[in-house]
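The block underneath contains the structure these notes are about, expressed in C-alpha cells.
Read-outs: derived from the displayed coordinates by stated rules, not from any lab. If you're wondering where the values come from, they're calculated on a predicted model, not measured in any experiment. Virtual Cβ from ideal backbone geometry, glycine too; neighbours counted across all protein chains shown.
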Amino acid sequence: MNKSFLLLLTILTILSCRDNRPKSDVAHENLIESIKIERYTVLNGNPDSISFSSYIIKDYDKNGNEIKSVYYSTDNSIMMQFVNQYENGNKTRIDWVDAKDTLVKYVKNTYDTDNRLVRSESYNSSNEFQSGFIHQWKNNGRIEEKGPIEEGKEFKPNAIYTYNDQQEFELLTEYDANDSLYATVKWKYLAFDEHNEWIKRHMTTNDTLNQIEKRIIKYKRE
C-alpha cells in the first residue's frame with residue numbers, strides 16, 4: 001500500500017470510530033436522526049475542480065449516540081460499515097463490517113473516570129488481538145496524543161490530534177516509525193446550520209486542499 005492510501009484509510013477510520021463530543025452536548029445531539037456526509041475529491045488543490053467520490057450515512061439513537069455509519073461509493077454500493085455499542089454513553093465497541101454484513105474486525109475502547117478514551121484495541125473476527133493504542137489528553141481535552149501499545153516501552157505518540165471548541169477535528173499530525181513527520185492534516189469549517197452544526201468543511205493534507213465534505217443533517221423535530 002502507498003502512503004496516500006494508508007493515510008486515507010487512517011482518516012476514514014478515525015472519522016468513523018471516534019465520537020469526541022463532551023457529555024454536555026448530548027441534549028442537543030439527541031435531536032439528530034441521521035447525517036449524510038458527501039465527500040468530494042479536490043483536483044490539484046483547486047476548490048473549483050472537484051469530483052464526487054463517496055458518501056456516508058450516519059444513524060443515531062434516541063440518546064444521541066451514533067449507532068451506525070455506512071460508507072458508500074458513487075454507484076451507491078457499500079464499501080464499509082461501522083456498528084457501535086455503548087455503555088454509560090461511551091462507545092465501547094466498534095464493529096467493522098463489510099458490504100455482506102460480515103465482521104472484518106472490531107475495536108474495544110476503554111475510558112477513564114472523566115469519560116475520556118484511554119485505550120483502544122483491535123481484534124480480528126477470530127477474536128485475535130491485532131493492535132492497540134494508548135490515548136492521552138491535554139489542554140482540557142483539546143489535544144489528544146495517540147501511540148501504539150508496546151509492552152515494556154515508554155509511551156511515545158505517533159499521532160497528535162487537536163480539537164476545536166465543538167470537539168471537532170482541527171489538526172492531525174502523524175509521525176512515522178523514525179519519528180519523522182509523516183503527514184499534517186487540517187480541517188477548516190466554512191458553513192454551519194441554525195444549530196451550529198457544520199455543513200461544509202475543507203480538508204488539507206500537507207498544505208494541499210484534497211477533500212471537501214458537505215453534511216446534510218436530518219433532525220427528529222423536522
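Across every pair of different alpha-carbon atoms, what Kirkwood hydrodynamic radius in Å does the stretch 168-209 reach? Each step should come with its number before you reach the end.
On the way: mean 1/r = 0.0861 Å⁻¹.
Taking every pair of different Cα atoms in the stretch 168-209, averaging 1/r and inverting gives 11.6 Å.
Report, please, the projected area of the stretch 144-222 averaged over directions, based on the convex hull of its C-alpha atoms, in nm². Mean projected area for the stretch 144-222: 7.4 nm², to one decimal.
Which of the listed residues, 171, 97, 86, is farthest toward the dipole's positive end in the stretch 43-177, when Lys, Arg count +1 and Asp, Glu count -1 at the beta-carbon? Highest projection toward the positive end goes to 86.
Please give the FRET efficiency for residue 175 paired with residue 221, using the beta carbon to beta carbon distance and R0 = 25 Å, rounded to the nearest 0.05. The value I calculate is 0.05.
Under the criterion of Cα pairs below 8 Å and six or more residues apart, the relative contact order for the stretch 81-128 equals 26 percent. The 3J(HN,Hα) values that the Karplus relation (6.51, -1.76, 1.60; θ = phi - 60°) gives for the stretch 126-134 are, in residue order, 9, 6, 8, 4, 10, 6, x, 9, 9 Hz. Gly and Pro appear as x. Straight-line cross-link partners of residue 153 among the lysines, defined as a Cα under 28 Å from its Cα and at least 8 positions apart when in the same chain: 3, 91, 105, 108, 138. Annotation: amide H of residue 149 within the under-5 Å range of 132, 133, 134, sequence separation 5 or more or interchain, hydrogens built in the peptide plane.
Each eigenvalue of the Cα gyration tensor of the stretch 33-147, multiplied by 5 and square-rooted, gives one semi-axis; in descending order these are 27, 20, 16 Å.
Of the trypsin sites (Lys or Arg not before Pro) in the stretch 53-113, the ones in a loop by DSSP (not H, G, I, E or B) with at most 12 other beta carbons within 10 Å are 62, 100.
If R₀ is 25 angstrom, what is the calculated FRET efficiency for the pair residue 139 and residue 166, using the beta carbon separation as r and rounding to 0.05? Don't skip to the answer; put the middle values down first.
Numbers: r = 15 Å, r/R0 = 0.61.
Calculated transfer efficiency: 0.95.
Determine, from the Cβ-Cβ distance of residue 73 and residue 154 and an R0 of 41 Å, the FRET efficiency 1/(1 + (r/R0)^6), rounded to the nearest 0.05. So the FRET efficiency works out to roughly 0.45.
Close amide H contacts of residue 125 (hydrogens built in the peptide plane, cut-off under 5 Å, sequence separation of 5 or more or a different chain): none are found. Spin-label model, residue 62 to residue 128: label points 7 Å out along the Cα-to-beta-carbon direction sit 4.2 nm apart. Under 18 Å of direct C-alpha separation, and excluding same-chain neighbours fewer than eight residues apart, residue 218 reaches these lysines: 36, 58, 62, 68, 200. Placing unit charges on the Cβ atoms only, positive for Lys and Arg and negative for Asp and Glu, gives the chain a dipole magnitude near 220 debye about its Cα centre.
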